[in-house]
Amino acid sequence: MHIFAIANQKGGVGKTTTSVNLAAALALQGQRTLLIDLDPQGNSTMGSGVEKRDLKASVYQVLLGLASLADARVPSPPGKYDVLPANRDLAGAEVEMVALDRREMRLKEALAAHAADYDFVLIDCPPSLSLLTLNGLCAAHGVIIPMQCEYYALEGLSDLVNTIKKVHANLNRDLKIIGLLRVMFDPRSTLSNQVSAQLEQHFGDKVFRTLVPRNVRLAEAPSYGLPGVLFDKGAKGAQAYLAFAAEMIERVKIM
């Protein structure tokens, strides 16, 4: 079982779009996949076709030890992957977890019993360094960083890399950066191309080959409760995420 946190401390960089579409694309390629929504907004949950207002249990109950992962996970009806869903309840988990033992390890311990159930576990982390994000980083073997190729993204990236180094040193020796995924890419923009080249120069093969372009169809898909790769499989954005899933499957073979 390969567990990857999809993280970036900057908001609006396509973490949820990447989480949902990678989960669906991996499932299309026959991989048993679980998507964990660690964001109280529950966007990965809704984007997977799961109604967050109707949940009997969610990741909130799992983190507090009130339900097992087996009790809380639900299938994504369109996506053929499982979802550990989230809703607004999760916003209160931060405060409630402070008093708990091993509070950074709650998600890791919940996943331990399910090592044989999945090939891939993807964790959609919130856009902040919170106790929720820390649970995601402590449970993961590696981090996938979606980022836009613009100047401010580079500023945020150095902060995130430092955070990952600290978690690696103090809490999770397995944690490493798996790769950087360039999203919302506009090949006509000189700045996009310059930043992309800088990333390749600095991070080398840590930069995924796949480039995800700006794509209206990807943005429309969540309002239909569908991952973009299922909403319009022929769209450029969907094709990019299908290629990214294939690249991920190749990459884990050599890990």
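Since every read-out is calculated from the coordinates, none of them should be taken as a lab result. Just so you know, these numbers come straight off a predicted model, no measurement behind them. Don't worry about glycine lacking a Cβ; one is built from the backbone with ideal geometry, like all the others, and counts go over all protein chains shown.
Below is a table of values for the structure above.
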| quantity | calculated |
| --- | --- |
| Criterion violated by ALA245 - all others in (1) under 15 Å from SER19 (Cβ atoms); (2) assigned to a loop (DSSP other than H, G, I, E, B); (3) among the aliphatic types (A, V, I, L, M) satisfied | (2) |
| Qualifying residue in the stretch 7-25 (condition: within 30 Å of GLN239 (Cα to Cα), free of Cβ contacts under 8 Å to residues at least 24 places away in the same chain and not charged (D, E, K, R)) | no |
| Residues satisfying the stated conditions in the stretch 1-21, i.e. closer than 20 Å to THR210 by Cβ and in contact with a strand residue (DSSP E or B) (Cβ under 6 Å, 6 or more places away or on another chain) | HIS2, PHE4, ALA5, ILE6, ALA7, ASN8, VAL13, GLY14, LYS15, THR16, THR18, SER19 |
| Qualifying positions in the stretch 22-33 - in a loop (DSSP other than H, G, I, E, B) and either surrounded by 19 or more Cβ atoms within 10 Å (Cβ to Cβ) or at negative phi (or both) | GLN29, GLN31, ARG32 |
| Among (1) of a type in the set (S, T, N, Q); (2) in contact (Cβ under 8 Å) with a residue 60 or more places away in the chain; (3) within 15 Å of PRO227 (Cα to Cα), the one test that THR45 misses | (2) |
| Candidate set: the stretch 227-255, residues that are of a type in the set (Phe, Trp, Tyr) and under 16 Å from the mean Cα position of the chain (by Cα); chosen: the one nearest to LEU180 (Cα to Cα) | PHE244 |
| Complete set of residues in the stretch 165-201 that are part of a strand (DSSP E or B) and closer than 23 Å to HIS141 by Cα | LYS176, ILE177, ILE178, GLY179, LEU180, LEU181, ARG182, VAL183 |
| In the stretch 137-146, the residues that are surrounded by fewer than 24 Cβ atoms within 10 Å (Cβ to Cβ) and touching a residue at least 60 places away in the same chain (Cβ under 8 Å) | HIS141, GLY142 |
| Residues (part of a loop (DSSP other than H, G, I, E, B) and small (Gly, Ala, Ser)) located in the stretch 34-64 | GLY42, SER48, GLY49, ALA57, SER58 |
| Matching residues in the stretch 120-135 - criterion: being over 18 Å from ARG88 (Cα atoms) and within 12 Å of the chain's Cα centre (by Cα) | PHE120, VAL121, LEU122 |
| Tally of residues being in a helix (DSSP H, G or I) and either acidic (Asp, Glu) or out of contact with any strand residue (DSSP E or B) (no Cβ under 9 Å at 6 or more places or on another chain) (or both) across the stretch 139-164 | 7 |
| Residue check for ASP71: farther than 27 Å from ARG103 by Cβ and acidic (Asp, Glu) | no |
| Residue list for the stretch 202-240, filter: under 19 Å from PRO77 (Cβ atoms), in contact (Cβ under 8 Å) with a residue 40 or more places away in the chain and not in a loop (DSSP other than H, G, I, E, B) | ALA221, PRO222, GLY228, VAL229, LEU230, ALA238 |
| Close pairs (8 angstrom Cβ cut-off, 6 or more residues apart or separate chains): touching a residue at least 60 places away in the same chain (Cβ under 8 Å) in the stretch 168-196, among the hydroxyl-bearing types (Ser, Thr, Tyr) anywhere | LEU181/THR18; LEU181/THR210; VAL183/THR17; VAL183/THR18 |
